[in-house]
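Beneath this line is the structure, given in structure tokens, with notes to follow.
The values are calculated or read from the model by the stated rules, or taken from the named source; none is laboratory data. All figures in this text were calculated on a predicted structure; none of them were measured in a lab. All Cβ positions, glycine included, derive from the backbone under ideal geometry; neighbour counts span all protein chains shown. All accessible areas refer to the heavy atoms of the entire protein, side chains included, with ligands and DNA or RNA removed. Shrake-Rupley method; radii C 1.70, N 1.55, O 1.52, S 1.80 Å.
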Amino acid sequence: AMLSEQQEEDFQRFLRRVDDITNLVQGLNSTDPDVKEKAIAETEKRLRDQENSKEEESKTTVNRTVINTRASDVATAEAVNTDGFLAALEKDAKERAKQRKRNERLANALKEKGNDAFRKGDYDTAVQRYTEGLEKLKDKQELYTNRAQAYLKMHEYEKAIGDCEWALKCSEKCIKAYFLMGKAHLALKHYIKSRQCYQKILQIDPQKESLFKDCMNEVNLEEKRMKEEDRAMKEFLSGKLAALSVKELLQKLDRPDQNILFYTGGIRALTGAVKDCTEQTLFRTNNGFSIINDNEVVRRSFCTERKNTAEVDLSVSLLFLWQAVCAGNEENQRLLLTHPDVNAQLSKLLYSGVSEIQKETLALIMLYLDNENGRRLLVRHQDLSRWLEVLVMFVNYTDARASSAMNILSDLTQEEKFKTQCRIMFSTGVLPLFTQLLTSAKLVNQAALAHCIGIMGNLCSDAVIRMQMAECKECWQACLKLVDEYFDVDTPKYQECLFAALGLMMNLLLESNAIIQCLAVDISSRCMSLLRDKDGRIVTRAIGVLSRILPASSLAVEVVVKGGVVKKMIKFLKAGGQITSNYAIKTLSVCTRSNRQAQEEVVKSDKRFSVLLKLLDSENEIIVGNAAFCLGQCLVVPGAATSLLNSNVVMVLLKHAGGDATRTSVQENAAIALGKLCVAEPRHIVQLRELNGMAILNSSMKYVHST
């Protein structure tokens, strides 16, 4: 039947309300925090309006409106459906309110932990705690401003500005956000923006003028200083001065009690004058390296721990100069590195926290690592015991400093003396820092972290370092946490972190200790979950870890066997790949050594031992030895030996037992398997006699009885 005009209007109104409510539900489930907040506000408004309308309805005692007793089905459906939606929204809103309260408690607790770390000067930890708090509650203004303050201490000015902008989105009149943003802009020499921040504070609260007057003055003075420096630089670099030779510039700089800006400009001019090896030699023969010890202003600026902007500029200029005079020049490299002030300050510059200084210090060190002699100069003349810890800290940075630091570490680990020096601070300084980085894998520079994990794996070639790492329970737990988070993150960079972590775990499992035994089930369970990964490299290393962790725990063997490890290993062995096959057959050997279920599953999964027989023909003797061992263990299963009657297994085992294998262990495993084969199924002895192998069998029986 056709709808009346009134019914059609009611129906269209119903559809519009359904669309509105559908949009609200979508908004509540949005990943965009702004969209979600608007949806929550609109939902709460509708619920309040509904409550108010109900109250008005209950207060009405007389209704003079003529009621249409023939209410349409459309209107009824509208009421039912709308009430249903609103009831669902009300329930959802209440749940979200409860969840927000829980998150607020957690965020406040993390804020306090961050504040404690900040007070102790541990700004990295403070940033991590504030970040974790923001994961719980993204609109908590105090967490943004507190993290911005920590970033300022770390000289991460761009990040501080970003956090202040987020804080202002949460509270547009947040004075602290404008104050911190003003300081960050000032540090970046953004004088106009810095001044605007302080002016904004005065607009919000004119009473604060006396408090921020000094800040405005600081901006004005710094801007004036920069203009003076620019003028001095232009004067220094213009005309004759720009055309002076290295010798003439050194003579100009040999003036006591000049302004620091004069020396900065002169050093930069000198850097521009050093263009080839001739100028490098002139710099050296004219005592260019004495520029520090002969000049108190330069020396004080370079050596002071807390540098102002002018001192930072001068130090950066010096680092540029040394890069120019030392590039490809081994004698200059030696003289610079043996200079007492440079030798003492190099590591301090690395953890100065000033990005420009750190960047150029790393670039200078990279020059030394371009060749073997430079690397040995560093190892010989520098105390490198703290360098590993200092360079690992750069994983926290998101810029090029992180990759430069990791490249330096990669080169240094080639030197045995460096590894020896690393032992000194490893357990007390490096290991806690590295563990913290693993735990915070989602928050740090993941490309640098993957490189760092690989470097730590290489350091495991040092037995002392490997033992210290293997005995650190927190380090193992951090590795397991990284594996767990992989399933949630699963990005290419995080994938590289996991790949490196599995390699590290394999190296650590060359050790054997109580902690490894205690965590064996957890480690093997995580590896089992990785066997379905799409990345073949991850799968191979997961099998590698399994092959090394399972010997530590019979309980772990039992768990993985129940989890279907035998079928999985047979599958990987069928697919081939020598490295994967090596780990997979070793894993099967460990499982079948003492677990009857594993033995039976091998017999069931590998029909007529086709996979194991193929492995016995491998050119890799380790694979052959483990295949022979695994076969010998499985022959105790009834019918297993009989299934091999029409195969060439006797000839193959006899060949390996008789001396074709160069490894004694391979010969023994083959002889034992041959002996067990003949004991389990005497009909194999006929073929053995035909091959004149009784003498070998008699020898193999000794091994059988001894086992």
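Within region 361-398, take every residue that is in contact with a Lys or Arg (Cβ under 7 Å, 6 or more places away or on another chain) and closer than 10 Å to residue 350 by Cβ and give me the one that is surrounded by the most Cβ atoms within 10 Å (Cβ to Cβ). The residue in question is 394. Residue count for region 414-430, restricted to those that are open to solvent by 10 Å² or more (accessible area, probe 1.4 Å) and aliphatic (A, V, I, L, M): 2.
Would you confirm whether any residue within region 399-413 is open to solvent by 40 Å² or more (accessible area, probe 1.4 Å), outside any helix (DSSP H, G or I) and under 17 Å from residue 493 (Cβ atoms)? For region 399-413, residues open to solvent by 40 Å² or more (accessible area, probe 1.4 Å), outside any helix (DSSP H, G or I) and under 17 Å from residue 493 (Cβ atoms): present.
When residue 378 is tested against (1) in contact (Cβ under 8 Å) with a residue 40 or more places away in the chain; (2) in the same structural domain as residue 463 (by the TED database), just one condition goes unmet, and that condition is (2). Taking region 644-678 as the region of interest, how many residues are surrounded by fewer than 17 Cβ atoms within 10 Å (Cβ to Cβ) and either under 21 Å from residue 606 (Cβ atoms) or more than 48 Å from the chain's Cα centre (by Cα) (or both)? Counting residues in region 644-678 that are surrounded by fewer than 17 Cβ atoms within 10 Å (Cβ to Cβ) and either under 21 Å from residue 606 (Cβ atoms) or more than 48 Å from the chain's Cα centre (by Cα) (or both) gives 6. Of the helices (runs of 4 or more DSSP H) lying entirely inside region 448-532, those containing at least 3 residues that are open to solvent by less than 10 Å² (accessible area, probe 1.4 Å), in contact with a helix residue (DSSP H, G or I) (Cβ under 6 Å, 6 or more places away or on another chain) and under 21 Å from residue 572 (Cβ atoms) are 492-508, 514-530. Total residues in region 533-586 satisfying the condition of being surrounded by fewer than 17 Cβ atoms within 10 Å (Cβ to Cβ) and basic (Lys, Arg): the figure is 6. Pairs are defined by a Cβ separation below 7 Å, a sequence spacing of at least 6 or placement on different chains, a first member in region 669-680 that is under 11 Å from residue 634 (Cα atoms), and a second member that is assigned to a helix (DSSP H, G or I) and modelled with pLDDT under 90; the pairs so defined are 676/704.
For region 169-179, name all the residues that are within 30 Å of the chain's Cα centre (by Cα) and surrounded by fewer than 18 Cβ atoms within 10 Å (Cβ to Cβ).
Residues satisfying the conditions are 169, 170.
Considering (1) open to solvent by 40 Å² or more (accessible area, probe 1.4 Å); (2) at pLDDT below 90; (3) not aliphatic (A, V, I, L, M), the lone condition that residue 265 does not fulfil carries the number (1). Taken together, the residues in region 189-203 that are touching a residue at least 24 places away in the same chain (Cβ under 8 Å), hydrophobic (A, V, I, L, M, F, W, C) and exposed (fewer than 14 other Cβ atoms within 10 Å of the Cβ) amount to 0.
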